[in-house]
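Only one structure is covered here, and it is reproduced in the block below.
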Amino acid sequence: MKRRKFIMLLGGAAAAWPLAAHAQPAMPVVAVLTGTSPSGFADLLQGFRQGLKDTGYAEGENLTLEIHFANNQRDPLPELASQLIRRNVTVIAAGGIAAALAVKAATASIPIVFAVGDDPVRLGLVASLARPGGNLTGVNFFSVELAAKRLDLLHQLVPTATRIGVLVNPANPLNAESTLRDIEAAARPKGLQIHVLNASTAPEISAAFASLGRERIDALYVSTGAPFISQRVQLALLAARNELPAIYGPRTFVEAGGLMSYGASIVDAYRQAGAHVGRILKGEKPADIPVVQSTKFELVINAETARILGLTLPTSLLAIADEVIE
């Protein structure tokens, strides 16, 4: 009798072994592809992780998170996107326009969540904001589309400035063309002259500033994009050294010593992107998740930088500033 019970127990355990071996399914893999560098992406990654956490997901607990950087270069993005497709990751989060376009071109089946600073419908990423269709959805934080507003704020701060330098990245033509189109349209009624400065790398940024004296630039507009965010300290130092009032998009420039910024919270935009990824992991389809648009924009001014530049901050700007850094 004892022998029979032992055999039955042994047989039951043996039958359970294969089930136990398959009881722990592999964790979903979320791959983040961004055109920027680790230093330029650190704060945004924090926001993304928070969005995942808000929807019940944490790296190492119930998902695997991979981050892939193009380090401010556009050329590697298509191959990096193809590698992710070949590995059949669960969801791809694309940070920036170039990364979003690269992954869209690489797959029509793997879910994609983007965070971009321009109209995703105009970019061809989705069919509409309310019903994206296809395998993409995401967040638009209106970075490029605020170019005219930033120029107006810069003009309020330095109303005597007539020659405005606009620093753009020629390696990101979609961003550069949209920025220049909106800036030039906004400059004409004010009688401002726009001088385009091109730079994609740190040495090119230095060279662009070296030309400012020859161009007799009065103030500077810095376009958005990966290389400029990564080089924000360099840009803030060069602007101060050249005694040049400048406006930027993300507040991180002002925190690095820049004069003034106006834009949506990009960290919060990435939090929303992380939440979208969480919804997809729970079973929702990108086609049915509306694209989120940033609704709150903040004006941040560095009062210490203004004093160094000998600028008096107008009360009209101080009254609408969300934060003045002393």
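The values are calculated or read from the model by the stated rules, or taken from the named source; none is laboratory data. Keep in mind it's a predicted model, so treat the numbers as computed, not measured. Here the Cβ is made from the backbone with ideal geometry for all residues, glycine too, and neighbour counts use every protein chain on show.
Hey, can you tell me all the residues within the range 295-320 that are of a type in the set (A, V, I, L, M) and either part of a loop (DSSP other than H, G, I, E, B) or in contact (Cβ under 8 Å) with a residue 40 or more places away in the chain (or both)? Don't jump to the end; show me each part of the working.
First pass over the range 295-320, keeping only residues of a type in the set (A, V, I, L, M): 299-301, 303, 306, 308-309, 311, 313, 317-320.
Residues satisfying the conditions are Leu299, Val300, Ile301, Ala306, Ile308, Leu309, Leu311, Leu313, Leu317.
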Give the residues of the range 203-243 that are on the phi > 0 side of the Ramachandran plot and of a type in the set (Gly, Ala, Ser), sorted by residue number.
Gly225
Given the condition farther than 30 Å from Leu52 by Cα, within 20 Å of the chain's Cα centre (by Cα) and at pLDDT 95 or above, answer yes or no: does some residue in the range 287-301 qualify?
no
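Out of Arg87, Arg49, I need the residue that is at pLDDT below 95 and over 29 Å from Ala176 (Cα atoms). Which one? Lay out the reasoning, then the answer.
On the way: Arg49 fails: at pLDDT below 95.
It is Arg87.
Out of contact with any Pro (no Cβ under 9 Å at 6 or more places or on another chain), without any contact (Cβ under 8 Å) to a residue 24 or more places away in the chain and not in a strand (DSSP E or B) - does that describe any residue in the range 162-174? If you could, list the steps in order and put the result at the bottom.
Narrowing the range 162-174 to residues out of contact with any Pro (no Cβ under 9 Å at 6 or more places or on another chain): 162-168, 170, 173-174.
From what is left, the residues that are without any contact (Cβ under 8 Å) to a residue 24 or more places away in the chain are 173.
Now drop any that are not not in a strand (DSSP E or B), which leaves 173.
Taking every residue of the range 162-174 in turn, at least one turns out to be out of contact with any Pro (no Cβ under 9 Å at 6 or more places or on another chain), without any contact (Cβ under 8 Å) to a residue 24 or more places away in the chain and not in a strand (DSSP E or B).
Here is a list: Ile229, Ile280. Which entry is at pLDDT 95 or above and either under 30 Å from Ala58 (Cα atoms) or acidic (Asp, Glu) (or both)? Quick ask: steps written out before the conclusion?
Working: Ile229 fails: at pLDDT 95 or above.
So the residue among Ile229, Ile280 that is at pLDDT 95 or above and either under 30 Å from Ala58 (Cα atoms) or acidic (Asp, Glu) (or both) is Ile280.
Being at pLDDT 95 or above and exposed (fewer than 11 other Cβ atoms within 10 Å of the Cβ): is that true of Ser82 here?
Details: at pLDDT 95 or above: yes; exposed (fewer than 11 other Cβ atoms within 10 Å of the Cβ): no.
No, not satisfied.
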